[in-house]
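The structure appears right after this line, and notes come after that.
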Amino acid sequence: RSRLELQLARLYTKLPARASEALVLVRRALTHAPTDALREEALTLGRELADREQDGALLCAVLELLLEQGAGDEEAELLRELVETERYVRNDEGAAIEGLRRLLLLDPEDPKASEDLARLLELSGRHEEALAAYQRLLDLAPHEPAAHQGLVRCFEVCEHSDGLQLSLSLLPTLGLEDPRSDAAQQTLQRGWEQCSAVLETEAREAGLYPP
């Protein structure tokens, strides 16, 4: 029965007017028989739809359902896929931020998730939260350039003069430029573009982003 529901859901994903019914069928199938084979089939269906139509709603719903059911060793991997789908397919920065927070609850010492969270908070204009995220990143990696320069930018935007002066005083000892300079801004932009390109490549390889 669950396999038939997934087959019908696959048909419905090709009919825009019935996309919501496809989601209901997938949820029902995974609730009735959450076998490894059906879980993988549901993920494949969600990835195909995200790739074909740039519609990540089904994939995110499947990922959330699998996480609710208990993903075990796959939890971190599923959360990362959820973050990438929210960010690059659905363009929902808020949901991506929450996904990164969940990932850090799972592994508070994940430096990549910490840096991604800080950068995304800063790009979203949530500078006070970005400050806290950059400070946590420094706790994990005291010499991380992205953290030191991110603090300078956020301290300035938030008008925290004491923190700004302290952060600026540390830059020369670390061999870092003032991130507010034109040269540093260009370097930062290139870095963000390269980071975005890497993430988009990973998303394409996972079938989450158009070629």
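The values are calculated or read from the model by the stated rules, or taken from the named source; none is laboratory data. Everything quoted here is computed from the prediction, not taken from an experiment. Using ideal geometry, Cβ is built from the backbone for each residue, glycine included, and neighbour counts are taken over all protein chains shown. For accessibility, only protein heavy atoms count, side chains too; no ligands or nucleic acids. Shrake-Rupley method; radii C 1.70, N 1.55, O 1.52, S 1.80 Å.
Tabulated data for the structure shown
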quantity	calculated
Hey, Gly125 more than 30 Å from Arg28 (Cα to Cα), open to solvent by less than 60 Å² (accessible area, probe 1.4 Å), without any contact (Cβ under 8 Å) to a residue 60 or more places away in the chain and not in a helix (DSSP H, G or I) or not	yes
Qualifying residue in the range 49-64 (condition: more than 30 Å from Arg136 (Cα to Cα), touching a residue at least 12 places away in the same chain (Cβ under 8 Å) and among the polar types (S, T, N, Q))	yes
Condition broken by Arg52, with the remaining ones in (1) over 15 Å from the mean Cα position of the chain (by Cα); (2) of a type in the set (Lys, Arg); (3) crowded, with 17+ Cβ neighbours inside 10 Å satisfied	(3)
The range 88-101: number of residues that are in contact (Cβ under 8 Å) with a residue 40 or more places away in the chain and either more than 23 Å from Tyr12 (Cβ to Cβ) or surrounded by fewer than 21 Cβ atoms within 10 Å (Cβ to Cβ) (or both)	1
Flag for Asp36 being open to solvent by 30 Å² or more (accessible area, probe 1.4 Å), acidic (Asp, Glu) and out of contact with any strand residue (DSSP E or B) (no Cβ under 6 Å at 6 or more places or on another chain)	yes
Qualifying residue in the range 69-87 (condition: over 23 Å from Ser124 (Cα atoms), out of contact with any Pro (no Cβ under 8 Å at 6 or more places or on another chain), charged (D, E, K, R) and touching a residue at least 24 places away in the same chain (Cβ under 8 Å))	yes
Any chance Leu131 is modelled with pLDDT of 90 or more, in contact with a Phe, Trp or Tyr (Cβ under 8 Å, 6 or more places away or on another chain), closer than 27 Å to Val157 by Cα and in a helix (DSSP H, G or I)	yes
Checking Thr13 against (1) in contact (Cβ under 8 Å) with a residue 60 or more places away in the chain; (2) polar (S, T, N, Q); (3) surrounded by 20 or more Cβ atoms within 10 Å (Cβ to Cβ), the condition it does not meet	(1)
Pairs with Cβ under 8 Å, 6+ apart, first in the range 161-176 and more than 17 Å from Glu144 (Cβ to Cβ), second among the charged types (D, E, K, R) and at pLDDT 90 or above	Leu164/Glu156
